[in-house]
Amino acid sequence: MAYQLPADQADEILEALDHRERAGYQRIACVLHTREHGVIDEGIVYVADGDNPGFIGAHSDEQLAEVIHVAHGPSGSNREYLLRLEQALEDMGSEDEHVTALATLLRAKLP
């Protein structure tokens, strides 16, 4: 999903995103390839890698679901983030098998 920022609000929006993603994510300029609009030369993505302080390394899906179940950051619950991500992907007519698998495991942990 790509969002076009209104020019008169772009600085304010990017400042808010930079604050939200501050815990180990880097803002990277890139070229985006979209289905609807083709190539967009001036895209931005936020990327985390192994240097991210929140990176926990390779774990089984069950272990990841447990971490997501208890983790909470400045932007909210990781549980809520995962379940909303799954729903957003579904609403777009897309699916990520790993997100779905983690969400299924997470729901099994919820009361």
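Just one residue in the set Glu86, Glu97, Glu80 is modelled with pLDDT of 95 or more and either over 25 Å from Arg22 (Cβ atoms) or assigned by TED's automatic domain parsing to the domain that holds Glu21 (or both); that residue is Glu97. Selection of first residues in segment 73-89 that are without any contact (Cβ under 8 Å) to a residue 40 or more places away in the chain and of second residues that are loosely packed, with under 14 Cβ neighbours inside 10 Å, restricted to Cβ pairs under 6 Å at least 6 apart or on distinct chains, gives the following pairs, ordered by first then second residue: Leu89/Glu95; Leu89/Asp96.
Scanning segment 91-110 finds no residues that are touching a residue at least 24 places away in the same chain (Cβ under 8 Å), out of contact with any strand residue (DSSP E or B) (no Cβ under 7 Å at 6 or more places or on another chain), of a type in the set (Val, Ile, Thr) and surrounded by 14 or more Cβ atoms within 10 Å (Cβ to Cβ). A count restricted to segment 100-111 and to residues that are among the aliphatic types (A, V, I, L, M) and assigned to a loop (DSSP other than H, G, I, E, B) stands at 1.
Conditions (1) within 22 Å of Ser75 (Cβ to Cβ); (2) surrounded by fewer than 12 Cβ atoms within 10 Å (Cβ to Cβ); (3) touching a helix residue (DSSP H, G or I) at 6+ places or on another chain (Cβ under 9 Å); (4) of a type outside the set (D, E, K, R), marked per residue:
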| position | (1), (2), (3), (4) |
| --- | --- |
| Glu15 | yes, yes, no, no |
| Ala23 | yes, no, no, yes |
| Gln26 | yes, no, no, yes |
| Glu36 | no, yes, no, no |
| Asp41 | no, yes, no, no |
| Val45 | yes, no, no, yes |
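Return a yes/no flag: does segment 87-99 have any residue that is part of a helix (DSSP H, G or I) and touching an Asp or Glu at 6+ places or on another chain (Cβ under 7 Å). Yes, that holds for at least one residue.
The values are calculated or read from the model by the stated rules, or taken from the named source; none is laboratory data. Computed from a predicted structure; not experimentally measured. Note: ideal-geometry Cβ built from the backbone for every residue, glycine included; neighbour counts use all protein chains shown.
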